[in-house]
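Enquirer: My questions all concern the structure below.
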Amino acid sequence: GAASGIGAATARALVRAGARVALADLAELTLPDSERVLGMRADVTRTETLDALRDAAIGAFGSIDAVINCASVIAPGPVDRLPVEAVYRQINVNLLGTVLVTRTFLPHFRERGRGHLIHVGSLGGIVPLAGEAIYSATKFAVRGFCLALGLELRGTGISVSVVCPDSTDTPQLAIEATQHGSPFSFLSAPLDPADVAAAILDTMRRPRLEVAVPSGRGLPAKLLAWSPALLHRLYPLLQRWGGARRDQFAAASAASAAPAAPRIT
């Protein structure tokens, strides 16, 4: 997911840090002219493209130290009104893609006796997002998968991290705003993708199983999730507040011209 949003911001941060990086996305990538950067097209739902990415990265750099999976899609809307294709697409990219990325790179890490799998989840995988039930379900599943995998790999030298950012100013958030996504996604000002990228790089330096971005929002999210009854009572207030902010964000997005895809430098 290196072409836009959190993935592109993380790619830029890694390049600036001097890392050797293999970047992949379904969309076209704009890459710097550097022997330290490899770019490919890949689809997280197709194992043959993931195998090709892994082999190309090993061929170019000798080994892989960490994998960062940011690929994600969203289609807001009531469950019974979403096209079934949109349901499958979210499940396939967000959840199945996470599993397939893991299966592709984990054997290489086992051979080396070390490595780091970093999957980008969401605070929407801790607090349920009304209006985005399918997306939220996939992020709940990604979090559960990573937490279970971390237990499975305990003592192997392989780290697992699930990074759960709050709403971030990306093309995906614009979709949520303009297509009446969950008001919960707009309760606070959206994060800058660069801030999430910084948290991901910090997680690479200091591996932790679960990382909330920003860190101060993780505990409140878990407290809300701990009491579904409380969340139900608060929902009308949160819906009005977040809905108003969502509409403001949508208006601002419509008023601004679509930015050009950022160059990874």
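Every number in this text was worked out from the coordinates using simple rules, so none of it is lab data. If you're wondering where the values come from, they're calculated on a predicted model, not measured in any experiment. All Cβ positions, even for glycine, are placed from backbone atoms using ideal geometry, and neighbour counts span all protein chains on display.
Enquirer: Relative contact order of the range 68-177: what whole-number percent is it, with Cα pairs under 8 angstrom and at least 6 residues apart? Before the final figure, lay out each step's value.
Expert: Working: 154 pairs, mean separation 37.9, N = 110.
Computed over the range 68-177, the figure is 34 percent.
Enquirer: Output ³J(HN,Hα) for the range 91-97: one whole-Hz value per residue in order, computed from phi by the Karplus curve 6.51 cos²θ - 1.76 cosθ + 1.60 with θ = phi - 60°, and x for Gly and Pro.
Expert: After applying 6.51 cos²θ - 1.76 cosθ + 1.60, I find 5, 5, 6, 6, 9, 4, x Hz.
Enquirer: Could you pull out the trypsin sites (Lys or Arg not before Pro) across the range 25-67 that fall in loop regions by DSSP (anything but H, G, I, E, B) with no more than 16 other Cβ atoms inside 10 Å? Could you put the intermediate results ahead of the total?
Expert: Details: sites: 36, 41, 46, 54; in loops: 36, 46.
Of the trypsin sites (Lys or Arg not before Pro), the ones in loops of the range 25-67 whose Cβ has at most 16 other Cβ atoms within 10 Å are 36, 46.
Enquirer: Full-extension gain between residue 34 and residue 198, please, as 0.36 nm times their residue separation minus the C-alpha to C-alpha distance.
Expert: Details: separation 164, 0.36 × 164 = 59.04 nm, distance 2.21 nm.
The residue 34-residue 198 span can extend by a further 56.8 nm.
Enquirer: Related question: Hey, can you grab everything whose amide H is under 5 Å from the amide H of residue 38? Only 5+ residues off in sequence or another chain; H modelled, so Pro and N-termini drop out.
Expert: 21, 22, 23
Enquirer: For a bin width of 5 Å, list the pair-distance distribution of the range 90-171 built from all Cα-Cα distances, rounded to whole %.
Expert: So the P(r) values, bin by bin, are 3, 15, 24, 24, 15, 10, 6, 2, 0.
Enquirer: In addition: Dividing the convex hull volume of the Cα atoms of the range 59-98 by its residue count, what figure in Å³ per residue is obtained? If you can, show how the numbers build up before the last one.
Expert: Details: hull volume 3.3 nm³, N = 40.
It comes to 83 Å³ per residue, whole-number rounded.
Enquirer: Right, next: If you plug each phi of the range 236-250 into the Karplus form 6.51 cos²θ - 1.76 cosθ + 1.60 with θ = phi - 60°, what whole-Hz ³J(HN,Hα) values come out, in order, with x for Gly and Pro?
Expert: Computed from phi, the couplings for the range 236-250 are x, 5, 5, 5, 5, 5, x, x, 5, 5, 4, 5, 5, 5, 4 Hz.
Enquirer: Then there's this: With just the Cα atoms defining each centre, how far is the range 23-79 from the range 102-132? Give it in Å.
Expert: 14
Enquirer: Let me ask something additional. At what distance in nm do the modelled label points of residue 156 and residue 251 sit from each other, each positioned 7 Å from its Cα along Cα→Cβ?
Expert: 5.1
Enquirer: Any chance you could run the full-extension gain for residue 227 through residue 26? It's 0.36 nm times the residue separation minus the Cα-Cα distance, nm to one decimal.
Expert: Separation in residues times 0.36 nm, less the Cα-Cα distance, equals 68.5 nm.
Enquirer: For the chain, what does the equivalent ellipsoid look like in terms of its semi-axes, each the square root of 5 times an eigenvalue of the Cα gyration tensor, given largest first in whole Å?
Expert: So the equivalent ellipsoid measures 30, 21, 17 Å along its semi-axes.
Enquirer: Right, here's the next one. Counting alpha carbon pairs within less than 8 Å and at least 6 residues apart, what relative contact order, in whole percent, applies to the range 159-265?
Expert: Relative CO of the range 159-265 lands at 41 percent.
Enquirer: Right, another one. Between residue 244 and residue 58, what length in nm is gained on full extension when 0.36 nm per residue of separation is reduced by their alpha carbon distance?
Expert: Working: separation 186, 0.36 × 186 = 66.96 nm, distance 4.84 nm.
Length gained between residue 244 and residue 58: 62.1 nm.
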